[in-house]
Amino acid sequence: MSSTQEAGDIFGEGSGPAQMMLRSPTVLIASVGLWGMNVYFFRLFHIDYAYVLNLDLVKEREAKLRAASGTAASAERKLSDVENNAEGVDSKNSSKTSEVGENDDYQKHAFQDDPEEYGREVTWQKLVGLSVVLMVLLHLSIFAWIDLLGGGSIGAVFSFYIAVFIGVVLPLPSTRWLRKSCVIVLQRACELLNPRCFCVNSEPSGPRPIPFVDVFFADAMCSLSKVFFDWGMLFHLASHFPEPVPASTHAIMIPSFCAAIPYIIRARQCLIMHTVGRIKADPNRYQHILNAIKYTTSIFPLCLSAYQATIDPEAAQKWEAVLIVLLVINALYALTWDVVMDWGMLRNPSAVIVHATCVGGMPSETMQTKSCGHALMRPRLRFGLMASAIILLTDALLRFSWTLRFVQHGLFPSKDSFVLATQFLEVFRRAIWNLLRVEWEHEKQEAERKAIVPKHPETEAFIPTPPVSLQMTPIHREGVKEKITTY
């Protein structure tokens, strides 16, 4: 969850509401720059993040194509049997040839590299440059709207968003990559609202599994929970403009509900995957329920904090201990899930005890190449043992950044400044979390690809290997050639 899932001061006038208005665009701009940092490190360590994120979607499209090709081939076989029965034409060979031709044509058109792809490629330089331009534009919007035109903070924020929208939609060749990126973000955001339940999904196999890119996208939204709070508050303030927001229950409940939306979406994804696992008789489907509970523990502090904002301060103080307990439970739960499930680390702590180099025994030839840290964390660490350990420890510390609330009066001039600082810490935590999360997903995909063996179609399901088009991307090919040994 976000480091500070609690309601801010949104009632009345003054610097508090104004600062909160400008908080969400600032955090979003920082997130763009930090994603540029992610792209830089992915390329530096030869991790094809596009391959990792899109593999599930490509497999899904290819499965649909094979199903459509199989239906068309079956119809063609029947027609060929009728027309060529007298001539003794082998309809089965004809249909197989047709099917292979259709698949080849699909690979040629659907996965052939676009000749202009390099001009639209998202690079870390473009992302960092975009964040700098957006930050300058935000300050110019504030100066022009408030200082020159004498407007308020609400108008300044809306003017910034309008200026960004105009800059994106202008058909400039230099911003073509940005338009494509925005379309992808909107597509994934719409996919999060896609109903995948039995009441609207008539497929006999049940709801479609959630692809990794949507899980990754929803997790990023959870770190921007406070941005959703600020957006809810922004539209609430705008609805009362130019009057201040009256102190009422719905005035705080609406932004708090907006802040809970990412966690609700992510918990829903977990429940859908549990349903998919139940249909497929997956023995590990219970893990999706545990994951859904983790996101539920993020909602409890939000609800209690919103309730505290609607009651008398003295009465709210009585609930402070309960809020702290809820925050501690959530932080510990989320940290454990980060390390064990999202990063695949510390799954076998007893391995350190039996590791020969740790207990002073005679190390075997295979053990000499791995340290105690690798035995404790993971045998394969693409970012290296030291960097992975630093990321783990930093993530653990930032999971408890909400403890700054105990010293906020000495460190921060206002509660809004405290929330803004913790939001920056949370998006930074998410950025370093992304590194190990994509790395672990890449390792799982590679292990699955190496373990796949074609099976007899009449006895067991055939699991296809990853698409050639994704396997042969430049970064992935380069990483295979170099056979990186920094694990």
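Taking the condition open to solvent by 40 Å² or more (accessible area, probe 1.4 Å), among the acidic types (Asp, Glu) and either at pLDDT below 95 or over 17 Å from Leu404 (Cα atoms) (or both), does Asp342 pass?
Working: open to solvent by 40 Å² or more (accessible area, probe 1.4 Å): no; among the acidic types (Asp, Glu): yes; either at pLDDT below 95 or over 17 Å from Leu404 (Cα atoms) (or both): yes.
So Asp342 does not fit the description; no.
Looking at Arg176, Arg196, can you tell me which residue is on the phi < 0 side of the Ramachandran plot, open to solvent by 60 Å² or more (accessible area, probe 1.4 Å) and either at pLDDT 90 or above or not polar (S, T, N, Q) (or both)?
On the way: Arg196 fails: open to solvent by 60 Å² or more (accessible area, probe 1.4 Å).
Just one listed residue meets the conditions, Arg176.
Can you tell me which residues in region 25-48 are under 14 Å from Trp433 (Cβ atoms) and touching a Phe, Trp or Tyr at 6+ places or on another chain (Cβ under 9 Å)? Spell out how you get there, then give the answer.
Let us first name the residues in region 25-48 that are under 14 Å from Trp433 (Cβ atoms), namely 31, 34-35, 37-38, 41-42.
Correct list: Leu34, Trp35, Met37, Asn38, Phe41, Phe42.
Specify the residue that is surrounded by the most Cβ atoms within 10 Å (Cβ to Cβ); the eligible residues are those in region 137-157 that are part of a helix (DSSP H, G or I) and touching a residue at least 24 places away in the same chain (Cβ under 8 Å). Before the answer, list the steps.
Our first condition is that a residue be part of a helix (DSSP H, G or I); within region 137-157, this holds for 137-148, 153-157.
So of that shortlist, the ones also touching a residue at least 24 places away in the same chain (Cβ under 8 Å) come out as 137-138, 142, 153-154, 156-157.
Numbers: Leu137: 17, Leu138: 22, Ile142: 20, Ser153: 19, Ile154: 19, Ala156: 22, Val157: 26.
This residue is Val157.
Within region 414-422, identify whether any single residue is at pLDDT 50 or above and open to solvent by 50 Å² or more (accessible area, probe 1.4 Å), and answer yes or no.
Residues of region 414-422 at pLDDT 50 or above: 414-422.
Of the ones still in play, those that are also open to solvent by 50 Å² or more (accessible area, probe 1.4 Å) are 415.
Among the residues of region 414-422, at least one is at pLDDT 50 or above and open to solvent by 50 Å² or more (accessible area, probe 1.4 Å), which makes the answer yes.
Just name the residue that is surrounded by the fewest Cβ atoms within 10 Å (Cβ to Cβ) out of those in region 298-327 that are of a type in the set (Val, Ile, Thr), modelled with pLDDT of 90 or more and out of contact with any Leu (no Cβ under 7 Å at 6 or more places or on another chain).
At the first step, the residues of region 298-327 found to be of a type in the set (Val, Ile, Thr) are 299, 310-311, 322, 324-325.
Checking the rest, the ones that are also modelled with pLDDT of 90 or more come to 299, 322, 324-325.
Narrowing further to those that are out of contact with any Leu (no Cβ under 7 Å at 6 or more places or on another chain): 299, 324-325.
Values: Ile299: 20, Ile324: 15, Val325: 12.
Among those that are of a type in the set (Val, Ile, Thr), modelled with pLDDT of 90 or more and out of contact with any Leu (no Cβ under 7 Å at 6 or more places or on another chain), it is Val325.
Yes/no matrix, rows are residues, columns are (1) assigned to a helix (DSSP H, G or I); (2) modelled with pLDDT under 95:
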| site | (1), (2) |
| --- | --- |
| Leu332 | yes, no |
| Ile353 | yes, yes |
| Ser364 | no, yes |
| Arg378 | no, yes |
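Would you point out the residue of region 258-310, among those that are among the small types (Gly, Ala, Ser) and in a loop (DSSP other than H, G, I, E, B), that is farthest from Phe228 (Cα to Cα)? Steps first, please.
Initial filter on region 258-310 (among the small types (Gly, Ala, Ser)): 259-260, 267, 277, 281, 292, 298, 305-306, 309.
Okay, now just the ones that are also in a loop (DSSP other than H, G, I, E, B), so 281, 309.
Values: Ala281: 37, Ala309: 18 Å.
Only one residue fits best here, namely Ala281.
What number of residues within region 302-350 satisfy the criterion of being in contact (Cβ under 8 Å) with a residue 12 or more places away in the chain and among the hydroxyl-bearing types (Ser, Thr, Tyr)?
Residues meeting the conditions: 4.
Restricting to region 276-285, and then to whatever is under 21 Å from Ile265 (Cβ atoms) and free of Cβ contacts under 8 Å to residues at least 24 places away in the same chain, can you tell me which residue is surrounded by the most Cβ atoms within 10 Å (Cβ to Cβ)? First the steps, then the outcome.
Residues of region 276-285 under 21 Å from Ile265 (Cβ atoms): 276-278, 285.
When the remaining residues are screened for being free of Cβ contacts under 8 Å to residues at least 24 places away in the same chain, the result is 277-278, 285.
Numbers: Gly277: 18, Arg278: 13, Arg285: 16.
Of everything passing the filter in region 276-285, Gly277 is surrounded by the most Cβ atoms within 10 Å (Cβ to Cβ).
Output yes when any residue across region 20-34 is buried (at least 17 other Cβ atoms within 10 Å of the Cβ) and either at pLDDT below 80 or out of contact with any helix residue (DSSP H, G or I) (no Cβ under 8 Å at 6 or more places or on another chain) (or both), and no when none is.
Yes: one or more hits.
Scan region 386-404 and report the pairs whose first residue is at positive phi and among the small types (Gly, Ala, Ser) and whose second residue is open to solvent by 30 Å² or more (accessible area, probe 1.4 Å) and not in a helix (DSSP H, G or I), with Cβ atoms within less than 9 Å and a gap of 6+ or a chain change.
The qualifying pairs do not exist here.
The values are calculated or read from the model by the stated rules, or taken from the named source; none is laboratory data. From a predicted model like this one, the values you see are computed outputs, not experimental measurements. So basically every Cβ, Gly included, is an ideal-geometry build from the backbone, and we count neighbours across all protein chains shown. Side chains included, ligands, DNA and RNA excluded: accessible areas come from the protein's heavy atoms. Shrake-Rupley method; radii C 1.70, N 1.55, O 1.52, S 1.80 Å.
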